[in-house]
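The values are calculated or read from the model by the stated rules, or taken from the named source; none is laboratory data. The structure displayed is predicted, hence computed values, not measured ones. Cβ: placed from backbone, ideal geometry, glycine included. Neighbour counts: every protein chain shown. Ligands, DNA and RNA are excluded from the accessible area calculation, which covers all protein heavy atoms including side chains. Shrake-Rupley method; radii C 1.70, N 1.55, O 1.52, S 1.80 Å.
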Amino acid sequence: MTTSEPSPTKMQPTLEDIEIQLLLEGIYQYYGFDFRNYAMSSLKRRIRGIMQAEGLTRVSALQDRILHDRQCFDRFMVSVTVNVTSMFRDPSFFLAFRQKVVPLLRTYPYIRIWHAGCSAGQEVYSMAILLQEEGLYNRCRIYATDSNELVLAKAQSGIYPLELMQDYTQLYLKAGGRRSFSEYYTAAYDSAIFRASLKENIIFSQHNLATDRSFNEFNVILCRNVLIYFDPILQRRVHQLFYESLCTFGILGLGRQESLRLSPYEKQYEVLAKGEKLYRRLS
Amino acid sequence: MNVQIVVMGASLGGLSALKVLLSGLQPKFPVPIAIAQHRHRDSRSDIIDFLQHYTSLEIREVEDKDSLQPGQVYFAPADYHLLIEPGYLTLSTDAPVSYARPSIDVLFESAAESYREHTVGVILTGANQDGARGAAAIKAQGGTVIVQDPRTAEGTMMPKAAISTTTADQILPLLDIAPYLSALCSLSR
Ligand SMILES: C[S@@+](CC[C@H](N)C(=O)[O-])C[C@H]1O[C@@H](n2cnc3c(N)ncnc32)[C@H](O)[C@@H]1O
């Protein structure tokens, strides 16, 4: 009887595994979107969901359809990533941001913020509201990026279902909000249209963390609930990108269950708020 | 057979069942254990603090890409699915499966795919059918499925669903599960 570490037995790939690799390779070569280093277990589930929706039983058949039918590829793009988001998601994060990060930002004349993987934009508008309330918004330029054009278009519109506002109001208050949340939007039929002034300093653009380079130097980078969809290799690469894109003493914010453990630069950061995924680059 | 991963699923009544089960495991349990317990999406880590009192195995709320270590207990965080990859764990916020996130099916199916016959799945008490499909997936890969005897379960529906969906290797009273697991995982190594 031994208690040595269970080295994961090297398993023969299944036929489905091989087909998925071929599908991802084909999509990369033909359409330029690189899903090859996404976390396989959850990606597989979503690919199976897409096959079901398309009425197909084999990944090879899905590959055939995706490569020859642009509309099928567009449908694939809608379903292959997880775009769930919310305003003030994990409100304690935003509260900590107000308490620990805002005082640091006050010392800067000009602040550049990057939301990487902003989905339909709720996180970005949450930040814009917070910065307006703290009187910092005018000094900020916010870059909101995502690899998915469709969610980016929603983000740009700043229009969300009105029925969500009750939840969002609660989260806003838990996040330390100081006003009446309804000041920030106008209700029209069943939509909530967010105030245009929130968008003034936001630049929305497409950026793919798997394939695109750094495009600026930032004081703050938020990338929450995006890295969980990547495998360790891609996570490491993206952490490299973030490190290179942060100025010294820049702030990195991650999702509630994410960490710097896979960053080659873990030691170059300090924890800014205990229990929250807010870090400061030291050197 | 060489067990390399143990996955457990519990719902209604799960905390008291897990308390009993974990406290019965030997201190140097030779295999990693991953648990999906249905919980409210706002619940925080106090569940883990509670369970930690009853076992010397370290219980950890999973952070994405945690590596799997023997003798560690990995607990699915509220409102995330927990999935097993070869050697590590992954989280996702994909839509709930059968209203559940974490979903026991998702955990079990991913374990079955990553560790195949080296997987052991344990279905505990619960008042829904989550885990039945996952248990069947483990059996289909040649792994082992243990189900809590419904007569000893606060919620009988979940163990019953697993029993009727697949051929469980063992249907055991709650108290017997820990000794059985300890023997199974130690013997096979
Ligand atoms: C679950 S959402 C997170 C949204 C927001 N940050 C939050 O925490 O609520 C994940 C987003 O990551 C985006 N994403 C996935 N892969 C990406 C990539 N390679 N580059 C940039 N964004 C990506 C998806 O399109 C999706 O909008």
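Worth a mention:
- Some residue of segment A:154-176 being open to solvent by less than 20 Å² (accessible area, probe 1.4 Å), touching a Cys at 6+ places or on another chain (Cβ under 8 Å) and closer than 30 Å to residue A:237 by Cβ: yes
- Enumeration of residues in segment B:5-35 that are open to solvent by less than 10 Å² (accessible area, probe 1.4 Å) and within 14 Å of chain A (Cβ to nearest Cβ): B:5, B:6, B:7, B:29, B:30, B:31, B:32, B:33, B:34
- Residue within segment B:91-110 that is facing chain A (nearest Cβ under 9 Å), at pLDDT below 95, touching a strand residue (DSSP E or B) at 6+ places or on another chain (Cβ under 7 Å) and over 22 Å from residue B:31 (Cβ atoms) present: yes
- Residue within segment B:50-60 that is under 21 Å from residue B:143 (Cα atoms) and surrounded by 15 or more Cβ atoms within 10 Å (Cβ to Cβ) present: no
- Among the residues making up segment B:113-138, those that are among the small types (Gly, Ala, Ser), open to solvent by 10 Å² or more (accessible area, probe 1.4 Å) and more than 14 Å from every other protein chain (Cβ to nearest Cβ) are B:127, B:136.
- Filter result (among the small types (Gly, Ala, Ser) and more than 25 Å from residue A:215 (Cα to Cα)) within segment A:125-176: A:135, A:175, A:176
- In segment A:67-100, the residues that are farther than 15 Å from residue A:35 by Cα, away from chain B (no Cβ under 14 Å) and within 14 Å of the ligand (Cβ to nearest atom): A:87, A:94, A:97
- Segment A:177-206, residues that are in contact with a strand residue (DSSP E or B) (Cβ under 8 Å, 6 or more places away or on another chain), open to solvent by less than 40 Å² (accessible area, probe 1.4 Å) and among the small types (Gly, Ala, Ser): A:191, A:192
- Residue in segment A:133-153 that is nearest to the other protein chains (Cβ to nearest Cβ), counting only those that are open to solvent by 50 Å² or more (accessible area, probe 1.4 Å) and more than 16 Å from the ligand (Cβ to nearest atom): A:141
- The lone criterion from (1) touching a residue at least 40 places away in the same chain (Cβ under 8 Å); (2) under 30 Å from residue B:42 (Cα atoms); (3) more than 15 Å from the chain's Cα centre (by Cα); (4) open to solvent by 10 Å² or more (accessible area, probe 1.4 Å) left unmet by residue B:155 is number (4).
- Segment A:207-223 - residue that is surrounded by fewer than 20 Cβ atoms within 10 Å (Cβ to Cβ) and farther than 19 Å from residue A:29 by Cα and, of those, farthest from the ligand (Cβ to nearest atom): A:217
- Meeting the requirement of 3 or more residues that are farther than 15 Å from residue A:118 by Cα and not aromatic (Phe, Trp, Tyr), the strands (runs of 3 or more DSSP E) wholly within segment A:138-247 are A:185-188, A:191-194.
- Any pair with Cβ under 8 angstrom, 6 or more apart, that starts in segment A:199-211 at a residue that is under 11 Å from residue A:35 (Cα atoms) and ends at one that is small (Gly, Ala, Ser) and surrounded by fewer than 12 Cβ atoms within 10 Å (Cβ to Cβ): A:211/A:32
- Verdict on residue A:229 being more than 14 Å from chain B (Cβ to nearest Cβ), open to solvent by less than 60 Å² (accessible area, probe 1.4 Å) and hydroxyl-bearing (Ser, Thr, Tyr): no
- Subset of segment A:107-128 that is in contact with a Phe, Trp or Tyr (Cβ under 6 Å, 6 or more places away or on another chain) and touching a residue at least 60 places away in the same chain (Cβ under 8 Å) - its residue that is farthest from the ligand (Cβ to nearest atom): A:112
- Number of the exception - residue B:64 against (1) assigned to a loop (DSSP other than H, G, I, E, B); (2) more than 28 Å from residue A:85 (Cβ to Cβ): (2)
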